[in-house]
Structure formats: C-alpha cells, structure tokens
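Accompanying notes for the structure given below.
Just so you know, all these numbers are worked out from the coordinates, no wet-lab data involved. The model shown is predicted, which means the values in this text are computed figures rather than measured ones. Here the Cβ positions follow ideal geometry from the backbone for every residue, glycine too, while neighbour counts run over all protein chains shown.
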Amino acid sequence: MTSKALILQDFEPYLKKKVPGTWWEYFRRGADAQQTLADNGLAFQKYRLRPRCLRDVSKRDLSTTILGHRLDFPVGVSPTACHGMVHPEGEIATAKGVASAGSAMALSIFSSKDLEDVANPLSSETPLFQQLNVFCDRQTLERTVEHTEHIIKRAEKAGLKGIVLTVDQPLIGRQLAEPVVEPHYLK
C-alpha cells in the first residue's frame, strides 16, 4: 500500500493482490445470498466517531475486563475460520497481534492451526477462548458429544480461558463462489 489505509475498503485492493484468488473470494463474500454480509455493512453505517476537541487526553484508559481478565484494548477477535489461507502462521500470527494489543481472541473451531500451537506462544495474561459449534442430528449425537468433550479437554490442557458456544448456526453456510484452492503452505 502506498498510502495509509483509513477505512476497510482501503485494504481491499492490497489484499486482493496478496491473497490467492479463490481465497480472496472466500473472504470477500458471505454465505448463501450474502444477507448477513450486507446487514453487517449497514449496521456499521449507523456509528460515527465524533472528535472531542480541546479535551485533556493525557490520561486516557480504554481498558476493561472480560471474565476477570484485564484488556488494554476493548475490541477482541471473534472466531473466524482459516487464517492460514492468508498468512502462513495463520491464527498464531493473529493471536500474537491480539496479545500485543492487550486484547482477547476466540479461536474458531475451523482454525487452520491447532489450538495448542496458537496458545503456546501467548502469556497466561492473554485471554484466548475456544469456539464450539453445535452441529448434530440424532444419528451423530454420540459422536458429536465425544468430539466436543475432546476439544474442551484440549482447550483446558492448553490453558485457554473458556469456551465460546455458537448456538445459532444449525449448519455450515454455503459458499456460492468457485471451488477454493488451498495456498501451498496449507498442503
């Protein structure tokens, strides 16, 4: 990028050059009719940052707490899948960025890196949570429970701070774009 990116759309031309084509389409689009993607854009349009002129900003504090953990920066990273599609370190790099900002992260169940590898370089001060999704039907319930218990035990052993449970996604959203080709470092 030759100039500083100020808004989300400023990043898009840069990312389009850096990210393999089919992965770019995966991240750029939403699932199915892309209704949630459109709704999210509209929701953010109602917020404005209003400068407060002639105010003392020498002592500012954005910190907050989440489940007893202090955050220096009150914006965390929600569970998003497959960071390894756009960076070789994937979620490990994201977690390092979150730690340096003094924030929190929820690791996607569809992470491209093992939760242990993401948790390993972080200090115990960085709140890292594991996402769980509830995908099951009567035929797969027993297998789903065993898999869920296995993930929870791994998260506990790795020192994650808690579980983020996704309950409003009964099935995986369909990508209506072309088939995705993995970057060479994910093979």
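Data overview
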{"item": "Mean Cβ neighbour count within 10 Å, used as a protection proxy, ranking 47-59, 71-83, 107-119 highest first", "result": "107-119, 71-83, 47-59"}
{"item": "For residue 80, residues with placed amide H under 5 Å, excluding near neighbours", "result": "108"}
{"item": "Label-to-label distance, nm, for residues given as residue 15 and residue 157 (7 Å Cα→Cβ offset)", "result": "3.4"}
{"item": "For 46, 161, order by how many other beta-carbon atoms lie within 10 Å, fewest first", "result": "46, 161"}
{"item": "Stretch gain in nm, segment residue 55-residue 120, where the contour uses 0.36 nm per residue and the Cα spacing is subtracted", "result": "19.3 nm"}
{"item": "Amide H within-cut-off set for residue 34, under 5 Å, with H built and near neighbours excluded", "result": "none"}
{"item": "Interchain or long-range residues, amide H under 5 Å from residue 162's placed H", "result": "130"}
